[in-house]
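Working notes for the structure below.
The values are calculated or read from the model by the stated rules, or taken from the named source; none is laboratory data. The structure presented is a predicted model; accordingly, all values stated were derived computationally and were not measured. For neighbour counting, all protein chains shown are included, and Cβ atoms are generated from backbone atoms with ideal geometry for every residue, glycine included.
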């Protein structure tokens with residue numbers, strides 16, 4: 001059904017005619033539901049823009065954009081509600097009067113979403129509906145509730161607050177309250193990069209200026225407020241809030257005419273990181289824009305000792321030991337540790353390797369071409385001894401193949417190809433940066449769950465939970481357990497065939513998710529295997545995607561958890577060539 005032919009049930013204007021306040025939280029939630037069901041991105045942008053344009057005050061616009069794209073608190077604040085998934089789940093089970101282990105957890109596993117599970121339970125349990133009434137709180141009242149949760153310290157206090165809040169919300173409001181509290185995606189297919197054009201459309205502003213102001217302020221809410229008041233020109237750059245990273249495209253997805261227009265750098269087996277430094281003040285930010293300074297104190301200490309002028313660097317965090325960058329699995333042991341022990345600091349030392357600069361000399365340098373940014377970076381590296389990638393000239397595919405193999409021999413993931421004249425295209429994935437890499441491996445898995453997609457894939461099951469066999473494993477009672485989720489790598493024709501094939505395999509339905517009987521085998525490739533003790537398998541696949549649907553195989557042919565454990569050990573313990581002879585390029589290599 002086209003966007004234009006949708007019924008009026010969740011139309012914001014229809015709700016308005018029924019007396020629903022434009023600044024109510026329910027109006028926000030129903031708008032996001034409508035956005036989620038809208039297939040085209042232009043339609044999503046138009047619906048959210050219409051909603052923003054009808055809000056009564058600048059403060060409401062600020063909150064709506066913050067809730068839609070940042071979370072309960074502004075991204076730049078570094079604050080979190082700090083309510084864990086288990087706390088929310090136990091609280092919901094108690095609120096609904098059900099058993100957490102026997103009822104809630106299986107439902108959550110099937111849907112793949114705690115918030116979706118909670119919404120469905122609250123909608124369908126009579127005893128819950130009897131005690132739950134929406135009091136139509138406004139956006140500012142919801143902000144106050146997040147403040148209360150952010151100040152609560154004990155789990156008991158947080159659960160008591162959640163019980164109290166949920167009695168005054170409808171099921172759909174509870175779902176979005178939980179998702180906003182998580183400081184992440186609302187899972188509507190409408191992320192920050194789509195919110196900025198909606199802001200521009202709502203207030204007649206220039207879309208590129210809105211995107212730039214969002215990047216330099218780090219705040220969707222602040223950007224929307226400035227746009228509404230016609231004050232975007234007043235926004236200024238400030239350090240110590242995360243900026244949108246420039247993204248790379250797989251080379252397979254782009255048509256490249258002249259490789260000589262690119263330079264090559266090795267792609268490290270590490271974690272993307274942004275360093276903000278001004279004298280002794282240093283902060284590190286991850287790709288998902290979280291402050292990770294406390295997890296890598298040796299890196300912050302090194303930069304604090306350098307006493308750089310105001311600078312923002314883009315680069316990679318890597319475990320570096322015995323003149324070798326260690327596999328990503330080693331770095332994973334450091335991730336999430338708020339205060340790593342001396343033992344882990346000694347056994348898994350981390351360095352930062354820079355490959356671009358975003359701010360230096362008192363100004364942003366996004367609009368400078370790559371070559372000029374590289375010169376600025378090399379000057380900084382030479383003066384302050386900053387670890388730096390080496391760049392290589394390339395002329396043709398033979399050069400790329402040779403450098404690619406050399407990178408793999410050193411244990412790195414492959415190559416990055418960067419177009420010489422490109423600017424720093426923050427928050428975008430174009431053909432200026434291309435990644436050349438090969439999969440870390442592949443395994444045969446069974447589709448366990450299928451979830452309906454959003455946006456252009458609305459109404460089609462396109463997200464799949466994949467499992468490995470444990471039927472002969474004494475540690476488990478099940479036949480299959482999840483090992484990862486994939487939502488790409490198949491053609492439109494294959495997806496259509498898959499949607500037909502899963503129909504006779506449906507065992508149960510949980511909202512947008514189908515639980516399936518074992519029947520379809522998929523060969524899935526992945527970048528690497530990661531430890532994940534929060535999962536039943538203890539492992540997850542990093543960036544899994546379909547390689548082939550194995551219609552010729554049966555579930556009996558699927559790989560086992562023992563196979564995954566063996567592959568993990570092989571990846572971690574693979575021999576890597578020493579980089580001792582190459583270390584000079586980390587100290588400032590020659591210009592290209």
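Being touching a residue at least 40 places away in the same chain (Cβ under 8 Å), surrounded by 16 or more Cβ atoms within 10 Å (Cβ to Cβ), in the same structural domain as residue 365 (by TED's automatic domain parsing) and at positive phi is the requirement here; does residue 313 meet it?
no
The residues of the stretch 157-192 that are within 24 Å of residue 78 (Cα to Cα), free of Cβ contacts under 8 Å to residues at least 24 places away in the same chain and part of a helix (DSSP H, G or I), listed by number, are 157, 161, 165. Take the conditions (1) assigned by TED's automatic domain parsing to the domain that holds residue 62; (2) not in a helix (DSSP H, G or I); residue 265 misses just one of them, which is (1). Scanning the stretch 544-566 for residues that are loosely packed, with under 13 Cβ neighbours inside 10 Å and either in contact with a helix residue (DSSP H, G or I) (Cβ under 9 Å, 6 or more places away or on another chain) or assigned to a strand (DSSP E or B) (or both) returns a single hit, 551.
Residue-by-condition table, conditions (1) on the phi < 0 side of the Ramachandran plot; (2) assigned to a strand (DSSP E or B):
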residue	(1), (2)
404	yes, no
411	no, no
415	yes, yes
432	yes, yes
442	yes, yes
445	yes, yes
450	yes, yes
462	yes, yes
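Against the condition in contact with a helix residue (DSSP H, G or I) (Cβ under 9 Å, 6 or more places away or on another chain), more than 19 Å from residue 213 (Cα to Cα) and surrounded by fewer than 20 Cβ atoms within 10 Å (Cβ to Cβ), how does residue 298 come out, does it pass? Spelling it out, residue 298 is indeed in contact with a helix residue (DSSP H, G or I) (Cβ under 9 Å, 6 or more places away or on another chain), more than 19 Å from residue 213 (Cα to Cα) and surrounded by fewer than 20 Cβ atoms within 10 Å (Cβ to Cβ).
Between 445, 389, the distinction of being in contact with a strand residue (DSSP E or B) (Cβ under 6 Å, 6 or more places away or on another chain) and in the same structural domain as residue 554 (by TED's automatic domain parsing) belongs to 445 only.
Highlighted here are the helices (runs of 4 or more DSSP H) found entirely within the stretch 1-116 that include at least 3 residues which are over 24 Å from the mean Cα position of the chain (by Cα), farther than 30 Å from residue 534 by Cα and at pLDDT 90 or above: 25-37, 41-53, 58-69.
Residues that are in contact with a strand residue (DSSP E or B) (Cβ under 9 Å, 6 or more places away or on another chain) and modelled with pLDDT of 85 or more occur in the stretch 120-134; there is at least one.
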